[in-house]
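Below is one structure; the comments refer to it alone.
The values are calculated or read from the model by the stated rules, or taken from the named source; none is laboratory data. Keep in mind that this is a model prediction, so the values were computed, not measured. Don't worry about glycine lacking a Cβ; one is built from the backbone with ideal geometry, like all the others, and counts go over all protein chains shown. For the accessible areas, the whole protein counts, side chains as well, though only heavy atoms, and no ligand, DNA or RNA atoms are used. Shrake-Rupley method; radii C 1.70, N 1.55, O 1.52, S 1.80 Å.
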Amino acid sequence: MPSTHSAAISFYVTYITVASLCLPSRGPFTSIPKILPPIIFIPWASSVACSRIWLGYHTGAQVIAGVSVGVVTALVWFKLWTSGADVIVTDIVHRILALIPFL
């Protein structure tokens, strides 16, 4: 069973890293260097993932599996979001909800 803590934290740190490096800075965040979020969040995520092994809740393989799931999911989600797929998904959800008579 993959570590869900490792999957969740690796999803967040991967998404934050990719977004901070690939998207333009806006608003009050324009003065923050793009490399700062990864410098802060990667050690934090690593400590959470390693703590699962140190505390004896998971094996190394389970943590690696969880991290892999989180990273892949974050990259796929970022690609979908930046390619405009969020508009398509929203349209599909609205069409499905329109078919349900009591909503």
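Structural remarks
- Portion, in percent, of the accessible area of the chain that falls on carbon or sulfur, probe 1.4 Å: 76 percent
- Distance from the Cα centroid of the range 62-84 to that of the range 27-54 is 16 Å (rounded to whole angstrom).
- Helix runs (DSSP H) in the chain reaching 30 Å along axis by Cα, Kyte-Doolittle at least 0.5: 60-82
- In Å², nearest 10: area of residue 58 left accessible to a 1.4 Å probe: 40 Å²
- Accessible surface, the chain, averaged per residue in Å² (probe 1.4 Å): 70 Å²
- Calculated FRET efficiency for the pair residue 12/residue 59, C-beta based, R₀ 25 Å, to 0.05: 0.65
- Heavy atoms of residue 96 accessible to a 1.4 Å probe, total area in Å² rounded to 10: 90 Å²
- Contact order normalised by residue count of the range 12-103, Cα under 8 Å, 6+ apart, percent: 32 percent
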